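Okay, structure first, notes after.
The values are calculated or read from the model by the stated rules, or taken from the named source; none is laboratory data. What you see is a predicted model; the values in this text were computed from it and never measured. Reconstructed Cβ throughout: ideal geometry from the backbone, glycine too, with neighbour counts over all protein chains shown.
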């Protein structure tokens, strides 16, 4: 049975490992192979340790079962005055994809936005090449409302493979998810 809880600083390691695995599986062609094949666990661990040490105006929700972490979602409240709160990360362990965990995590994010956001609007960025994720978000009521170049991980342009694009998927009111 899957349970959900808000992450704490002690969860940075397991989140970083899942995040790195997800990037390696799904971001090839957008992120440089040298970056993905390197020790991205160290880079992700530093990011998550910092985020979870001082959560500020954000929340990370974990999905767990008897085997440990199966997914997580990270929401930054009121990140954009027009689009609302940003779902900055949503990742599900590869073996759990298609099990409904992603939808439940998205609803957890929507619920958090409803409780803590100044508005009920929510959005995220998804790589243009990630058609499966786009389909999932659209099936969850999200609408593609714009495009942009993907930001390089850690602000380092050498970590990108070319100039990958991403789509903004938005939910003007998270009530459609909750």
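Out of all the residues in region 100-120, which are touching a residue at least 24 places away in the same chain (Cβ under 8 Å) and more than 16 Å from the chain's Cα centre (by Cα)? Those that are touching a residue at least 24 places away in the same chain (Cβ under 8 Å) and more than 16 Å from the chain's Cα centre (by Cα): 114, 116, 117, 118, 119, 120.
For region 121-131, give me each residue that is in contact with a strand residue (DSSP E or B) (Cβ under 6 Å, 6 or more places away or on another chain) and either in contact (Cβ under 8 Å) with a residue 60 or more places away in the chain or within 22 Å of residue 81 (Cβ to Cβ) (or both). 121, 122, 123, 124, 125, 126, 127, listed by residue number. Taking region 51-95 as the range and being more than 16 Å from residue 107 (Cα to Cα), touching a helix residue (DSSP H, G or I) at 6+ places or on another chain (Cβ under 7 Å) and crowded, with 17+ Cβ neighbours inside 10 Å as the test, the residues that pass are 52, 69, 93. Give me the residue from region 103-135 that is touching a helix residue (DSSP H, G or I) at 6+ places or on another chain (Cβ under 6 Å) and in a helix (DSSP H, G or I) and, out of that set, farthest from residue 88 (Cα to Cα). In this case the residue turns out to be 114.
Residue-wise test of (1) touching a helix residue (DSSP H, G or I) at 6+ places or on another chain (Cβ under 7 Å); (2) closer than 18 Å to residue 67 by Cβ; (3) surrounded by fewer than 13 Cβ atoms within 10 Å (Cβ to Cβ).
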{"residue": "1", "(1), (2), (3)": "no, yes, yes"}
{"residue": "6", "(1), (2), (3)": "no, no, no"}
{"residue": "18", "(1), (2), (3)": "no, yes, no"}
{"residue": "23", "(1), (2), (3)": "yes, no, no"}
{"residue": "27", "(1), (2), (3)": "yes, no, no"}
{"residue": "34", "(1), (2), (3)": "no, no, yes"}
{"residue": "37", "(1), (2), (3)": "no, no, yes"}
{"residue": "42", "(1), (2), (3)": "no, no, yes"}
{"residue": "47", "(1), (2), (3)": "no, no, no"}
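In region 26-34, the count of residues that are assigned to a helix (DSSP H, G or I) and at pLDDT 95 or above is one or more. Against the criterion of being touching a residue at least 60 places away in the same chain (Cβ under 8 Å) and part of a helix (DSSP H, G or I), residue 52 does not qualify.
The residues listed here are 144, 165, 170; of these, the one that is in contact (Cβ under 8 Å) with a residue 24 or more places away in the chain, touching a strand residue (DSSP E or B) at 6+ places or on another chain (Cβ under 6 Å) and crowded, with 17+ Cβ neighbours inside 10 Å is 170.
Just wondering, is there one or more residues in region 82-96 that are over 17 Å from the mean Cα position of the chain (by Cα), over 23 Å from residue 57 (Cβ atoms) and modelled with pLDDT under 95? Yes, region 82-96 contains at least one residue that is over 17 Å from the mean Cα position of the chain (by Cα), over 23 Å from residue 57 (Cβ atoms) and modelled with pLDDT under 95.
Given the condition more than 24 Å from residue 28 (Cα to Cα) and at pLDDT 95 or above, answer yes or no: does some residue in region 150-163 qualify?
no
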